[in-house]
Amino acid sequence: MDGNGRWAKQRGLPRAEGHRAGAESVREVMNACKELGVKYLTLYAFSSENWNRPEAEIDALMTLLDHFLDEKAEELDKQNVRLQAIGQIERLPASTRERLARIQEHTKDNDSMTLVLALSYGSREEITNAARRIAEAAIAGTISPDEITTDLFARHLYTADIPDPDLLIRTSGEMRISNFLLWQISYSEIVIVKKMWPDFRQGDLFAAVEDYNNRHRRFGAL
Ligand code: IPE
Ligand code: MG
């Protein structure tokens, strides 16, 4: 979800207004995914690098996130949606962590769709943590180095029980990955959309899925 700040700047508004408008896109895209029968929707809401932004902007984002969670808690459950969070959740404010923990627990048995929020998320940290935990297990003697397979490695990532994405959409026209799911997107189809995130709505999602439907996925084979 990229381009909130530029969207606001183009309108002479503070960046926080862009994030607020972006939250509206989140609502619409969530509902559209549900309608399409998407089983997992992962939103890159806050990266580990986003901690380097000015404190006021971080505060605005965390406040918006808290509001979003308060507003959506009941609805997610009613729609049979499970919430999961990936990232260095321990770095988030206590108010946000409490909400996440409560909603995750409350929705853990829902199975129509899983909404994955990537928060304080960085793929390099995720991969490094996995390597560290596997190294610890090897030193403790609970696994031997020849048992370290790609499957075992994947089970040590935050996404242990989340399938790899089929489709990755990035808005605002930027052609980069920005430390997002580096391991998991090895064979994902990528759609880059020029629109800023606050302008990305249901029709844009449908168009991206249409694009995806016309791709021929070969996974390195013929
Ligand atoms: C994406 O919009 C939202 C978050 C990172 C939370 P940006 O804030 O990155 O907006 P630009 O890229 O500065 O326009
Ligand atoms: Mg950006």
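A quick yes/no check of all residues on (1) surrounded by 15 or more Cβ atoms within 10 Å (Cβ to Cβ); (2) on the phi > 0 side of the Ramachandran plot; (3) in contact with a helix residue (DSSP H, G or I) (Cβ under 7 Å, 6 or more places away or on another chain):
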{"position": "G12", "(1), (2), (3)": "no, yes, no"}
{"position": "G18", "(1), (2), (3)": "yes, no, yes"}
{"position": "V38", "(1), (2), (3)": "yes, no, no"}
{"position": "T42", "(1), (2), (3)": "yes, no, no"}
{"position": "E71", "(1), (2), (3)": "no, no, no"}
Within segment 2-22, how many residues turn out to be over 24 Å from the mean Cα position of the chain (by Cα) and more than 10 Å from ligand 1 (Cβ to nearest atom)? 4
Among residues of segment 163-189 being in contact (Cβ under 8 Å) with a residue 12 or more places away in the chain and charged (D, E, K, R), the residue nearest to ligand 1 (Cβ to nearest atom) is E174
Considering only residues of segment 9-19 that are without any contact (Cβ under 8 Å) to a residue 60 or more places away in the chain and within 12 Å of ligand 2 (Cβ to nearest atom), which is nearest to L65 (Cα to Cα)? H19
All but one of (1) more than 17 Å from the chain's Cα centre (by Cα); (2) part of a helix (DSSP H, G or I); (3) within 16 Å of ligand 1 (Cβ to nearest atom) hold for E210; which doesn't? (3)
Of A160, A130, the only residue that is more than 16 Å from ligand 1 (Cβ to nearest atom), touching a His at 6+ places or on another chain (Cβ under 8 Å) and small (G, A, S) is A130
Mind counting the residues in segment 73-85 that are in contact with a helix residue (DSSP H, G or I) (Cβ under 9 Å, 6 or more places away or on another chain) and either charged (D, E, K, R) or crowded, with 17+ Cβ neighbours inside 10 Å (or both)? 7
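When the residues of segment 133-178 are narrowed to those that are in a loop (DSSP other than H, G, I, E, B) and over 27 Å from the mean Cα position of the chain (by Cα), which ends up surrounded by the fewest Cβ atoms within 10 Å (Cβ to Cβ)?
The first filter runs over segment 133-178 and keeps only residues in a loop (DSSP other than H, G, I, E, B), leaving 141-144, 148-149, 155-166, 171-178.
This time we only want the ones that are over 27 Å from the mean Cα position of the chain (by Cα), so: 141-144.
On the way: G141: 7, T142: 10, I143: 15, S144: 9.
Within segment 133-178, the match that is surrounded by the fewest Cβ atoms within 10 Å (Cβ to Cβ) is G141.
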Those residues that are open to solvent by less than 60 Å² (accessible area, probe 1.4 Å) and either hydroxyl-bearing (S, T, Y) or not in a helix (DSSP H, G or I) (or both), I need them from segment 86-114; list them, please. I86, G87, Q88, L92, P93, S95, T96, T107, N110, S112, M113, T114
Looking at this structure, is L61 open to solvent by 50 Å² or more (accessible area, probe 1.4 Å) and hydrophobic (A, V, I, L, M, F, W, C)? no
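The values are calculated or read from the model by the stated rules, or taken from the named source; none is laboratory data. Every value quoted in this text rests on a predicted model; they were computed, and no experiment measured them. Neighbour counts are summed over all protein chains in view; Cβ atoms, including those assigned to glycine, are modelled from backbone coordinates with ideal geometry. Heads up: the accessible areas ignore ligands, DNA and RNA and are worked out on the full protein's heavy atoms, side chains in. Shrake-Rupley method; radii C 1.70, N 1.55, O 1.52, S 1.80 Å.
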